[in-house]
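*Asks:* Attaching a single structure in structure tokens format; questions to follow.
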Amino acid sequence: MNDSNFGIRLLTPRLPTFSFRAGLSENQTRSARNIATELRRKISMKKLRLLSLAVAGVFLVSSTRAASFDDVEFWVGSGANRAAFVIDWNDGKSAESLLWGYRWDGTATGFDMFEAIVNADDRLFAHIGTYAWGTAIQGIGYDLNGSGNFSVSPALNFDAGGFADTTNPDDARVALDAGDHYLEGWDNGFWAYYTKTDTDAAWTSSFVGSKDRLLADGVWDGYSFALNFLSSDPSEPVAAVVPEPSTFALLSISALLVTCVRRKL
Ligand SMILES: [Ca+2]
């Protein structure tokens with residue numbers, strides 16, 4: 001690590017480290033400086049917000065309901081351990097924030113959970129970038145209106161699991177269907193990574209990237225899009241739903257059942 005990176009790390013101790021690893025381009029260095037400036041501003045704003053919350057706290061406690069594991073409808077994986085996973089686009093489209101669940105045995109990282117959920121949910125898409133310093137989550141999309149169609153412009157070739165892996169992030173990339181979620185960040189924003197130890201804990205900005213985050217039973221991971229590098233905790237999510245079987249699939253199953261019954265006769 002060189003001196004300038006070290007300085008940025010000191011200024012931004014709670015931001016994901018993958019933003020600040022070695023080999024930064026000029027744009028990335030500029031982005032990192034922007035983050036540091038915004039963080040200083042954010043800390044002042046955060047103090048004001050905390051003060052407001054403290055004053056209004058007695059009213060907030062009774063009206064705020066946090067989502068729990070019981071709210072999860074879309075579970076991915078199997079095993080004795082459970083983690084909850086939230087994505088908050090902060091884009092004004094309802095629902096902005098969605099919830100999934102992940103089960104596993106043995107060892108799993110935050111990225112394992114992210115990868116498994118994107119692969120399992122046909123409505124969820126991710127644009128990642130594999131760099132010498134690590135993996136960046138550049139863009140995340142969701143077929144919010146459930147049309148069965150999802151694409152972005154400038155185009156990306158998503159694989160069968162819903163992943164595109166390129167080192168060409170573009171802040172201007174949008175979902176072609178205006179009813180869908182898609183946000184990508186590099187120069188003007190980023191997907192902020194949050195974690196919490198259990199349902200009732202407060203969200204905190206992750207100290208590490210998702211590949212270095214070891215999951216434990218009961219934890220929560222969340223991604224919240226930070227436009228202009230102004231990050232905010234993931235807001236209370238709505239459960240992502242498991243897609244209904246399509247009419248075609250139902251007809252195929254019916255035909256199969258009829259065939260089986262006939263063969264028995
Ligand atoms: Ca759509």
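*Asks:* State the number of residues belonging to the stretch 110-158 that are more than 15 Å from the ligand (Cβ to nearest atom), among the polar types (S, T, N, Q) and either assigned to a strand (DSSP E or B) or in contact (Cβ under 8 Å) with a residue 24 or more places away in the chain (or both).
*Replies:* Result for the stretch 110-158: 4.
*Asks:* Can you pull out the residues in the stretch 181-211 that are among the charged types (D, E, K, R), in contact (Cβ under 8 Å) with a residue 40 or more places away in the chain and more than 14 Å from residue 137 (Cα to Cα)? Give the derivation first.
*Replies:* We begin by selecting, within the stretch 181-211, every residue among the charged types (D, E, K, R); these are 184, 187, 196, 198, 200, 211.
So of that shortlist, the ones also in contact (Cβ under 8 Å) with a residue 40 or more places away in the chain come out as 184, 187, 200, 211.
Correct list: 200 only.
*Asks:* Does residue 207 qualify as being part of a loop (DSSP other than H, G, I, E, B), away from the ligand (no atom under 15 Å from the Cβ) and aromatic (Phe, Trp, Tyr)? I'd like the intermediate steps shown before the answer.
*Replies:* Details: part of a loop (DSSP other than H, G, I, E, B): yes; away from the ligand (no atom under 15 Å from the Cβ): yes; aromatic (Phe, Trp, Tyr): yes.
Yes; evaluated as a whole, the condition is true for this residue.
*Asks:* Working only within the stretch 137-159, note down all residues that are surrounded by fewer than 22 Cβ atoms within 10 Å (Cβ to Cβ) and small (Gly, Ala, Ser).
*Replies:* 146, 147, 148, 151, 153, 155
*Asks:* Please go through the stretch 122-131 and pick out each residue that is within 18 Å of residue 180 (Cβ to Cβ) and either surrounded by 21 or more Cβ atoms within 10 Å (Cβ to Cβ) or small (Gly, Ala, Ser) (or both).
*Replies:* Looking only at the stretch 122-131, we keep the residues that are within 18 Å of residue 180 (Cβ to Cβ), and these are 122-127.
Within the stretch 122-131, 123, 124, 125, 126, 127 meet the criteria.
*Asks:* So, one more: Just give me the residues in the stretch 57-92 being surrounded by 14 or more Cβ atoms within 10 Å (Cβ to Cβ) and either on the phi > 0 side of the Ramachandran plot or at pLDDT below 65 (or both), in sequence order.
*Replies:* 77, 90 - these are the residues of the stretch 57-92 that are surrounded by 14 or more Cβ atoms within 10 Å (Cβ to Cβ) and either on the phi > 0 side of the Ramachandran plot or at pLDDT below 65 (or both).
*Asks:* Go through the stretch 159-173 and count every residue that is touching a Leu at 6+ places or on another chain (Cβ under 8 Å) and not in a loop (DSSP other than H, G, I, E, B).
*Replies:* First pass over the stretch 159-173, keeping only residues touching a Leu at 6+ places or on another chain (Cβ under 8 Å): 162, 164, 166, 173.
Now restrict to residues that are not in a loop (DSSP other than H, G, I, E, B): 164.
Qualifying residue count for the region: 1.
The values are calculated or read from the model by the stated rules, or taken from the named source; none is laboratory data. Every value quoted in this text rests on a predicted model; they were computed, and no experiment measured them. Quick reminder, even Gly has a Cβ in these numbers, built from the backbone with ideal geometry, and neighbours come from all protein chains shown.
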